[in-house]
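K.L.:
Structure provided below as structure tokens; questions to follow.
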Amino acid sequence: MSGVLLVISGPSGVGKSTVVAEIRERRKFHFSVSVTTRHRRPDETEDIDYHFIATDRFQEMIENGELLEWAEYAGKYYGTPRGPVVKALQAGNDVLLDIENHGAMQVRHSWPEALLIFIAPPSPAELERRLRSRGDTTEPDIAARLSVAAEQVEQARGTYDYVVINRDVDAVTNEILDILVKHEQGTQ
Ligand code: 5GP
């Protein structure tokens, strides 16, 4: 029996990585390690957080069909290596992808059985507050992210299987895990 491919997406600043970390605490998943052309941050570990690769290699992976999906985000490339995902699913393990919106849309088409969940902010004002409180984002960047977020939330309602609202990490994690259980029951 094949595992479930769970795709989590949502706008910058919505708290997606915290929720994804909490999901992984509570349930066993094969977590897909993406390739990216951006630089490693000081708190990140090669091959655990990302495989950090050169742009040439990324292009080669696209051409060879080695990526399940890929996207450009903030001027850098990000992609999901296909091989490990397919192998884990075939072995019956559930797979979790934490990817941005364009990549999620590609998975929608290339892997129709995937379960796509979009995490939305409680309100645009709350998202703005969260982006500001990170302290690492410039004003023009905040404005750009807010406008992308508004567009994405609008679009998500028509394209994702579920849109959940992150008012509280614990509650939204429970909601996502409940959706997953229902999805499994429905596909058995
Ligand atoms: P960051 O640079 O902050 O780690 O990630 C930036 C954005 O890229 C996040 O929204 C993250 O979910 C997304 N991302 C990470 N890996 C992938 C990937 O393999 N494919 C796509 N499409 N997005 C990714």
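The values are calculated or read from the model by the stated rules, or taken from the named source; none is laboratory data. No experiment lies behind these values; they were computed from the predicted model shown. Using ideal geometry, Cβ is built from the backbone for each residue, glycine included, and neighbour counts are taken over all protein chains shown. SASA here: full protein model, heavy atoms, side chains in, ligands and nucleic acids out. Shrake-Rupley method; radii C 1.70, N 1.55, O 1.52, S 1.80 Å.
K.L.:
Step through the residues of the stretch 6-15 one at a time and calculate ³J(HN,Hα) from phi using the Karplus curve (6.51 cos²θ - 1.76 cosθ + 1.60, θ = phi - 60°), rounding each to whole Hz and writing x for Gly and Pro.
P.N.:
Along the stretch 6-15, the couplings run 9, 10, 10, 9, x, x, 4, x, 7, x Hz.
K.L.:
Okay, moving on. Mind listing the phi-derived Karplus ³J(HN,Hα) values for the stretch 79-90, rounded to whole Hz, using 6.51, -1.76 and 1.60 with θ = phi - 60°, and x for any glycine or proline?
P.N.:
My calculation for the stretch 79-90 gives x, 9, x, 5, x, x, 5, 4, 4, 5, 5, 5 Hz in order.
K.L.:
Tell me the trypsin sites (Lys or Arg not before Pro) within the stretch 83-188 that lie in a loop according to DSSP and have at most 16 other beta-carbon atoms within 10 Å.
P.N.:
Counting only loop positions with at most 16 other Cβ atoms within 10 Å, the trypsin sites (Lys or Arg not before Pro) in the stretch 83-188 are Arg167.
K.L.:
What is the set of long-range amide H partners of Glu69 at a cut-off below 5 Å, with H atoms built 1.01 Å from backbone N?
P.N.:
Thr80
K.L.:
Separate question: Given the -39500 (n - 2.57) contribution per DSSP H run of 4+ residues, what per-residue ellipticity at 222 nm results for the chain, rounded to the nearest 500 deg cm²/dmol?
P.N.:
Value at 222 nm, helices only: -15000 deg cm²/dmol.
K.L.:
How big is the dipole moment of the chain about its Cα centre under a simple scheme where the beta carbon of each Lys and Arg is +1, that of each Asp and Glu is -1, and everything else is neutral? Debye, nearest 20, please.
P.N.:
About 200 debye.
K.L.:
Can I ask one more? Where the centroid of each part is defined by its Cα atoms, how far is the stretch 161-183 from the stretch 102-117 in Å?
P.N.:
For the stretch 161-183 versus the stretch 102-117, the Cα centre distance is 18 Å.
K.L.:
Let me ask something else about it. Which Cα, out of Val85, Ile99, Leu116, lies furthest along the positive dipole direction of the stretch 5-187 (beta carbon charges, K/R +1, D/E -1)?
P.N.:
Of Val85, Ile99, Leu116, it is Leu116.
K.L.:
Please list log₁₀ I(q)/I(0) at q = 0.21, 0.23, 0.27, 0.28 Å⁻¹ for the stretch 125-188, using the Debye equation with identical point scatterers on the alpha-carbon positions.
P.N.:
-0.96, -1.04, -1.13, -1.15
K.L.:
Give the Rg (one decimal place) followed by the Dmax (whole number) of the stretch 1-95, computed from C-alpha coordinates and expressed in Å.
P.N.:
Answer for the stretch 1-95, Rg first and Dmax second: 13.9, 40 Å.
K.L.:
So with the 1.4 Å probe, I'd like the accessible area per residue for the chain, rounded to whole Å².
P.N.:
On a per-residue basis, the chain sits at 54 Å².
K.L.:
What does the charge dipole of the stretch 101-188 about its Cα centre add up to, to the nearest 20 debye, if the Cβ of each Lys and Arg holds +1 and the Cβ of each Asp and Glu holds -1?
P.N.:
120
K.L.:
If you take all C-alpha pairs in the stretch 5-187, what percent of them are over 31 Å apart?
P.N.:
13
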